[in-house]
Amino acid sequence: MAYLYRHIRLDKNEPFYIGIGSDSKYKRANSINPRTKHWKNIISKTEYRVDIIMDNLSWEEACEKEKEFIAIYKRNCDGGILCNLTIGGEGAYGRILSEETKSKISKKVSGINHGMYGKSHSEAAKNKIIETASKKVINIETNQIFTSIKNAAISMNIRPNTLTRKLSGIRKNDTVFKLI
């Protein structure tokens, strides 16, 4: 079964992307990779939320609905608000990749374009990651304690990476959460 989703930018409270997925846990809808440069530019400026618009669709129905919703909101290049590059309906469900393509994707996702391919984190970096990941988070309004940043982020429908940046001081912490 497939589903249709949209990404809503919270600064304008409007959709900026329409997509389809076929995984049972909405992994594609919540994934930040692979996405286009335009999509990543938008999320670097604002928070966003994921709305599952329709679920339990056949793949063909999902493709048709994706086309319909993209036509409603229109792509940026057509004078609309979406960063979608296509008119939709051409998802890769069931696509079989060659070994060469798999290798290229693996290198890109592994960070070859970011200087990490073939390298590993230093021991200090590994320890910092473990330390941050093992800290608990408290909601200072309700005193609810979360066992991880990920759980706290999910409760507020924000990305765990975004909450990590806010709690570590990289970004302004405008949330009700603090590390404990």
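Quick notes on this structure:
- Residues of type aspartates and glutamates that Lys37 reaches as a straight line, Cα spacing below 17 Å, ignoring anything fewer than 8 places off in the same chain: Glu47
- Unsatisfied cross-links (Cα-Cα over 22 Å) in the set Lys102/Lys126; Lys126/Lys150; Lys128/Lys172; Lys27/Lys102; Lys25/Lys166; Lys65/Lys150: Lys102/Lys126; Lys25/Lys166; Lys65/Lys150
- Residues Lys166, Lys45 arranged by fewest to most Cβ contacts within 10 Å: Lys45, Lys166
- Choice from Ile18, Ile43, Ile140 with maximal GNM fluctuation in the chain (Cα, 10 Å cutoff): Ile140
- Nearest 10 degrees, 0 to 90: helix 59-73 Cα axis against the chain principal axis: 80
- Taking other Cβ atoms within 10 Å as a rough exposure proxy, Asp78, Asp174 sort from fewest to most as Asp174, Asp78.
- Comparing Lys102, Lys12, Lys40 in a Gaussian network model of the chain (Cα springs below 10 Å), the most mobile by mean-square fluctuation is Lys102.
- For the chain, leaving out every one of the chymotrypsin sites (Phe, Trp or Tyr not before Pro) that falls in a DSSP loop and has at most 14 other Cβ atoms within 10 Å, the longest unbroken run is 27-92.
- Put in order of Cβ neighbour count within 10 Å, fewest first, the listed residues Lys104, Lys25 become Lys25, Lys104.
- Between the entries (i) 1.14; (ii) 1.00; (iii) 0.95, the label attached to Rg/Rh (Cα atoms, Kirkwood Rh) calculated for this structure is (ii).
- Over region 123-179, volume per residue of the alpha carbon convex hull, in Å³: 68
Only the coordinates and a few stated rules stand behind these numbers; no lab work does. What you see is a predicted model; the values in this text were computed from it and never measured. Don't worry about glycine lacking a Cβ; one is built from the backbone with ideal geometry, like all the others, and counts go over all protein chains shown.
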